[in-house]
Amino acid sequence: MARRAARRRGSRLLGGLVSCLLALGAAGGCSFAFVTPPPANPQPGQQLDCSTSYVDPIVDTALAALGGLFSLLILSGPCIDVCDDSKTKGVILSLPLFILPTISAIYGYSKVGACRAARH
(Lines give C-alpha, C1' and ligand atoms only; values in the text may rest on other atoms or scores of the structure.)
Protein backbone atom coordinates (compact mmCIF):
# COMPACT_ATOMS: atom_id res chain seq x y z
CA MET A 1 0.00 0.00 0.00
CA ALA A 2 2.83 2.40 0.87
CA ARG A 3 4.55 1.62 -2.42
CA ARG A 4 1.39 2.57 -4.35
CA ALA A 5 1.11 5.87 -2.49
CA ALA A 6 4.78 6.62 -3.14
CA ARG A 7 4.32 5.77 -6.80
CA ARG A 8 1.27 8.02 -7.03
CA ARG A 9 3.15 10.90 -5.39
CA GLY A 10 6.05 10.38 -7.81
CA SER A 11 3.67 10.30 -10.77
CA ARG A 12 1.97 13.51 -9.61
CA LEU A 13 5.32 15.19 -9.09
CA LEU A 14 6.53 14.14 -12.54
CA GLY A 15 3.21 15.23 -14.06
CA GLY A 16 3.47 18.63 -12.41
CA LEU A 17 7.05 19.01 -13.60
CA VAL A 18 6.10 18.06 -17.15
CA SER A 19 3.14 20.47 -17.10
CA CYS A 20 5.34 23.28 -15.86
CA LEU A 21 7.98 22.62 -18.49
CA LEU A 22 5.34 22.38 -21.23
CA ALA A 23 4.05 25.79 -20.17
CA LEU A 24 7.60 27.16 -20.35
CA GLY A 25 8.13 25.40 -23.67
CA ALA A 26 5.04 27.03 -25.09
CA ALA A 27 6.76 30.31 -24.40
CA GLY A 28 9.64 29.02 -26.50
CA GLY A 29 8.28 30.77 -29.54
CA CYS A 30 9.77 34.14 -28.65
CA SER A 31 11.11 34.69 -32.15
CA PHE A 32 7.80 33.74 -33.75
CA ALA A 33 6.02 36.19 -31.47
CA PHE A 34 8.42 39.12 -31.29
CA VAL A 35 10.81 39.17 -34.28
CA THR A 36 9.66 41.45 -37.09
CA PRO A 37 11.07 40.29 -40.44
CA PRO A 38 12.21 42.77 -43.09
CA PRO A 39 9.88 43.44 -46.01
CA ALA A 40 10.22 41.05 -48.94
CA ASN A 41 11.30 43.71 -51.45
CA PRO A 42 12.54 46.83 -49.65
CA GLN A 43 12.88 49.96 -51.75
CA PRO A 44 16.27 51.75 -51.71
CA GLY A 45 16.33 54.37 -48.98
CA GLN A 46 13.19 52.94 -47.37
CA GLN A 47 13.08 53.06 -43.57
CA LEU A 48 13.07 49.42 -42.48
CA ASP A 49 10.98 48.54 -39.46
CA CYS A 50 12.36 45.12 -38.56
CA SER A 51 14.11 43.43 -35.65
CA THR A 52 17.88 43.79 -35.37
CA SER A 53 18.30 42.31 -31.90
CA TYR A 54 19.26 38.67 -31.36
CA VAL A 55 17.74 38.58 -27.85
CA ASP A 56 14.62 36.61 -28.81
CA PRO A 57 16.48 33.89 -30.76
CA ILE A 58 18.98 33.60 -27.89
CA VAL A 59 16.11 33.07 -25.42
CA ASP A 60 14.71 30.41 -27.76
CA THR A 61 18.14 28.77 -27.91
CA ALA A 62 18.36 28.67 -24.11
CA LEU A 63 14.85 27.18 -23.88
CA ALA A 64 15.75 24.61 -26.55
CA ALA A 65 18.86 23.63 -24.59
CA LEU A 66 16.80 23.21 -21.42
CA GLY A 67 14.20 21.23 -23.35
CA GLY A 68 16.91 19.01 -24.80
CA LEU A 69 18.37 18.39 -21.37
CA PHE A 70 14.91 17.58 -20.04
CA SER A 71 14.38 15.12 -22.90
CA LEU A 72 17.69 13.44 -22.09
CA LEU A 73 16.69 13.29 -18.43
CA ILE A 74 13.41 11.60 -19.35
CA LEU A 75 15.21 9.10 -21.60
CA SER A 76 17.95 8.24 -19.14
CA GLY A 77 16.09 8.67 -15.86
CA PRO A 78 15.88 5.85 -13.33
CA CYS A 79 12.09 5.80 -13.52
CA ILE A 80 12.06 4.46 -17.08
CA ASP A 81 12.62 0.83 -16.08
CA VAL A 82 10.47 0.70 -12.94
CA CYS A 83 7.53 2.99 -13.64
CA ASP A 84 4.33 2.01 -15.39
CA ASP A 85 4.76 4.73 -18.02
CA SER A 86 6.84 3.84 -21.04
CA LYS A 87 9.78 5.67 -22.60
CA THR A 88 7.63 6.58 -25.58
CA LYS A 89 5.26 8.69 -23.51
CA GLY A 90 8.15 10.58 -21.96
CA VAL A 91 9.73 11.24 -25.32
CA ILE A 92 6.44 12.39 -26.85
CA LEU A 93 5.88 14.79 -23.96
CA SER A 94 9.42 16.13 -23.78
CA LEU A 95 10.48 16.54 -27.41
CA PRO A 96 8.23 19.56 -28.11
CA LEU A 97 10.16 21.35 -25.37
CA PHE A 98 13.21 20.98 -27.60
CA ILE A 99 11.74 21.13 -31.10
CA LEU A 100 9.48 24.20 -30.84
CA PRO A 101 12.09 26.58 -29.39
CA THR A 102 14.70 25.24 -31.84
CA ILE A 103 12.50 26.01 -34.86
CA SER A 104 11.64 29.42 -33.42
CA ALA A 105 15.34 30.18 -32.82
CA ILE A 106 16.24 29.23 -36.40
CA TYR A 107 13.46 31.49 -37.68
CA GLY A 108 14.60 34.34 -35.42
CA TYR A 109 18.28 34.12 -36.35
CA SER A 110 17.44 34.06 -40.07
CA LYS A 111 15.02 37.03 -39.94
CA VAL A 112 17.24 39.18 -37.70
CA GLY A 113 20.20 38.41 -39.96
CA ALA A 114 18.15 39.35 -43.03
CA CYS A 115 17.08 42.59 -41.38
CA ARG A 116 20.65 43.49 -40.46
CA ALA A 117 21.82 42.72 -44.01
CA ALA A 118 19.03 44.80 -45.53
CA ARG A 119 19.93 47.80 -43.37
CA HIS A 120 23.57 47.85 -44.55
Full extension between V91 and T52 adds, at 0.36 nm per residue less the Cα distance, a length in nm of 10.5 nm
Heavy-atom accessible area of V55, protein chains in place, probe 1.4 angstrom, given in Å² to nearest 10, is 90
Rounded to 0.05, the calculated FRET efficiency for the beta carbons of R119 and I99 at R₀ = 35 Å is 0.70
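The values are calculated or read from the model by the stated rules, or taken from the named source; none is laboratory data. Predicted model, so just to flag it, every value in this text is computed and none were measured. With ideal geometry, Cβ positions are generated from the backbone for all residues, glycine too; neighbour counts draw on all protein chains shown. Accessible surface is based on the protein model in full, side chains and every heavy atom, while ligands, DNA and RNA are left aside. Shrake-Rupley method; radii C 1.70, N 1.55, O 1.52, S 1.80 Å.
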